[in-house]
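First comes the structure, then the notes that go with it.
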Ligand SMILES: [Zn+2]
């Protein structure tokens with residue numbers, strides 16, 4: 001009895017010191033390191049897809065080409081089981097836009113602008129412009145009645161010189177406020193410099209909004225603000241868009257687990273992009289990294305204990321349509337119970353640490369990271385614990401599944417300025433950074449699937465609810481219609 005207890009105790013201590021890891025991962029990581037350093041195809045294939053396809057908007061012809069491209073690429077890497085997971089959802093796409101602005105409403109000139117997603121299918125408004133500053137509630141409260149029947153001009157982000165502590169809102173929330181205060185339309189000034197135009201949704205719920213919403217460049221916008229201080233300005237916004245049911249396809253491939261084939265670790269990233277550029281950063285770098293993680297593990301014939309499932313999601317930009325469809329189908333067929341972890345790569349570049357939605361993952365992730373560090377000292381092995389929304393991990397997290405990925409990555413400010421914008425093109429991609437994403441993430445994905453035990457389990461419904469409330473996520477989830485508790 002005593003003997004057994006001692007053995008048990010020593011075994012336990014041994015496990016804790018390794019974070020439930022395996023010393024033999026060191027050799028596997030070495031193989032991964034060599035393979036990715038020498039043969040990574042992530043950068044090259046993203047460049048090729050950007051040139052051949054262009055943008056990857058969900059539901060469009062380009063979107064279909066991107067799905068097929070990912071499918072064929074995975075096939076060429078030896079995945080015989082690649083499959084499409086089709087889904088239908090309501091989606092939006094831009095049509096025509098004409099914005100005119102001028103001092104007199106009978107003499108207005110064309111103004112460079114783009115439509116924000118979920119603007120009406122058809123809209124034609126003309127009104128005087130009113131400057132609503134940052135477009136947050138305080139701006140409307142200090143100018144009572146001013147926005148009614150006007151076209152609101154507001155800044156995305158916080159204007160230089162705003163009162164200290166001014167908090168910005170998401171573009172969709174600024175649009176919701178303009179609607180609430182009776183505006184006929186909204187013109188949002190991009191915060192990023194250089195005439196960059198930004199798109200993305202202007203709707204808090206993902207449903208169509210009742211007024212037209214457009215984005216204009218920062219310099220043009222600030223000039224317009226200046227002019228408004230001197231005299232009235234008028235705007236005419238005329239647009240057409242398409243909204244309706246679309247079909248799109250997630251692309252899925254897997255490596256069967258050796259010991260627990262019924263348990264899986266999902267490694268995903270969204271393949272779709274907005275349509276103003278080619279979505280190289282959002283999310284070419286993440287999705288093509290995921291495809292190359294799959295390539296690497298396949299090429300090395302590595303077989304972890306659990307199944308690794310690689311998923312390229314579509315529809316993320318229109319409201320996580322693909323990952324929601326994946327989770328819904330998994331609930332319907334019962335396979336949701338098989339998903340033990342989900343790693344998500346969205347705009348991840350050169351992560352120097354790992355992240356998780358569950359603190360209990362720390363010992364294992366830190367052990368894996370310490371093995372990565374032995375190969376590459378520039379990997380800092382930080383552990384970031386956090387619970388957030390707005391990417392494809394969300395539907396998994398809402399089912400209580402542990403989620404994670406890379407942390408402490410790096411993107412230049414000039415690159416971040418092109419987020420959702422007409423300059424998100426392949427020249428922004430950092431080849432070395434993307435290769436690092438593949439190297440470190442292949443190691444994490446393999447080891448997590450190969451761990452003797454995954455130290456965190458799926459949360460109960462009550463635990464999920466409590467976690468969301470604790471992280472102040474009830475309100476945003478209620479606004480988007482994703483709160484499923486009372
Ligand atoms: Zn994204």
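All of the numbers you see were taken from the coordinates with simple rules; none came from a lab. Remember, it's a predicted structure, so these values are computed and weren't measured experimentally. All Cβ positions, even for glycine, are placed from backbone atoms using ideal geometry, and neighbour counts span all protein chains on display.
Details
- Each peptide in 222-230, 209-217 receives the mean, over its residues, of other Cβ atoms within 10 Å, and ordering these scores from highest gives 209-217, 222-230.
- Plainly put, the chain has a radius of gyration that is 1.02 times its Kirkwood radius, both from alpha-carbon atoms, as the Rg/Rh ratio.
- Where both bridge residues fall in the stretch 93-242, DSSP classifies roughly 60% of the beta bridges as antiparallel.
- Across the stretch 93-242, C-alpha contacts under 8 Å between residues 6 or more apart give a mean separation that, scaled by the residue count, equals a relative contact order of 40 percent.
- Where labels lie 7 Å past Cα in the beta-carbon direction, separation of residue 149 and residue 238 in nm: 2.3
- P(r) tail, the stretch 161-295: Cα-Cα pairs separated by more than 24 Å, 52% of all pairs.
- Residue 329 paired with residue 166, simple spin-label distance in nm, labels 7 Å along Cα-to-beta-carbon: 4.6
- Helix axis angle, 218-230 relative to the chain longest principal axis, alpha carbon, degrees: 30
- Nearest 10 degrees, 0 to 90: helix 461-470 Cα axis against the chain principal axis: 50
- The chain: angle of helix 25-39 to the longest principal axis, Cα-based, in degrees nearest 10: 50
- Placing dummy labels 7 Å off each Cα toward the beta-carbon, the span from residue 88 to residue 231 is 5.4 nm.
- Column: log10 I(q)/I(0), Debye, Cα scatterers of the stretch 93-242, q = 0.16 Å⁻¹: -0.78
- Percent of beta bridges antiparallel (DSSP, the chain, rounded to nearest 5): 55
- Sorting 231-239, 310-318 by average packing, meaning the other beta carbons within 10 Å per residue, from highest down gives 310-318, 231-239.
- All Cα pairs of the stretch 352-475, percent lying beyond 17 Å: 63
- Here is how the number arises for the chain: DSSP H runs of 4 or more residues each give -39500 (n - 2.57), the sum is divided by the residue count, and the result at 222 nm is -11000 deg cm²/dmol.
- Potential lengthening between residue 138 and residue 408 on full extension [0.36 nm per residue; Cα-Cα distance subtracted]: 93.8 nm
- Relative compactness, the stretch 263-321, computed as alpha-carbon Rg over 2.2 N^0.38 Å: 1.27
- Packing rank of 401-411, 25-35, where each peptide gets the mean count of other beta carbons within 10 Å, highest leading: 401-411, 25-35
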